[in-house]
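Bear in mind these aren't lab numbers, they're just calculated from the coordinates by the rules spelled out. None of the values given here were measured: they were computed from a predicted structure. Cβ coordinates were reconstructed from backbone atoms using ideal geometry, including for glycine residues, and neighbour counts include every protein chain displayed.
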Amino acid sequence: MVTFRELALNRQSTRSFSDKEVELDKLKRICEVASLSPSSCNSQPWKMHIVRPIYPKIADLRKACQAVGLNPFLDKVSNFIVVEQTFGNMKSKAGGFFSNNDLNSIDLGILAAHICLAAEEEGLGTCMIGSFRNKIVNKAMNFGAFRRVRLIVAVGYAADGYEIRKKTRKNAEDIIDVIE
Ligand SMILES: Cc1cc2nc3c(=O)[nH]c(=O)nc-3n(C[C@H](O)[C@H](O)[C@H](O)COP(=O)(O)O)c2cc1C
């Protein structure tokens, strides 16, 4: 059985994808397991939209993710999980207000992390996309003006031979503070 440490070490932002078709079952399983994510007051302020290659506006969605001049590698991506922020609940809104903390954004970040790790378990590569033009995304998704997409996860099989990079991270002693 794959351990969490292995999943965390092997998950990386995939920026080179193969043409291999991604099974819808796998994408659904990824979203189902990600829905087990914790959220403030269990508010689950999210909806995950699985965008498939046959979606007529997929090229527009891709373009929206490239509109800020980044993410050229998405040309080869045909499956996305679009993470929409929905209304959570009053308790989490109040909790966020009194602690001056954007709890729903935190919730969505945790959800997205679960999506990527669940995809890793399914043998799929992912790249979180945070740089996109909201208006164009909403248009591509037929969402109108008021719905809010917070993150888009590109999903696919990594290109053959795509290697796992060594992680570049801050030193543990600089970021882990033990107080006793
Ligand atoms: C909120 C968020 C937004 C991101 N947006 C992008 C993006 O638009 N394009 C991209 O190539 N990578 C994006 N990334 C991926 C990060 O660059 C990547 O996670 C980081 O460099 C660490 O590398 P790793 O994921 O390979 O471990 C994003 C990551 C997060 C968490």
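Here are the numbers for this structure:
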| item | result |
| --- | --- |
| HN-Hα J in Hz across segment 41-50 - Karplus 6.51, -1.76, 1.60, θ = phi - 60°, x for Gly and Pro | 6, 6, 7, 6, x, 9, 9, 10, 9, 8 |
| Ascending count of other beta-carbon atoms within 10 Å, so fewest first, for Thr14, Thr168, Thr86 | Thr168, Thr86, Thr14 |
| Qualifying chymotrypsin sites (Phe, Trp or Tyr not before Pro) in segment 103-180, DSSP loop, other Cβ atoms within 10 Å at most 13 | Phe146 |
| Stretch in the chain that is longest and holds no trypsin sites (Lys or Arg not before Pro) that DSSP places in a loop and that have at most 13 other beta carbons within 10 Å | 21-164 |
| Ellipticity estimate at 222 nm from DSSP helix runs (n ≥ 4, -39,500 (n - 2.57)) divided over the chain, nearest 500 | -10500 deg cm²/dmol |
| Paired Rg and Dmax values of segment 9-159, which use every Cα atom, in angstrom | 15.3, 48 |
| Separation of alpha-carbon centers, segment 87-117 and segment 119-180, rounded to whole Å | 17 Å |
| Selected from Leu24, Leu74, Leu111 as most flexible by GNM, with the chain as the system and alpha-carbon contacts under 10 Å | Leu24 |
| Non-local Lys pairs in the chain, i.e. 8 or more apart or on different chains, that have alpha carbons under 13 Å apart | 6 |
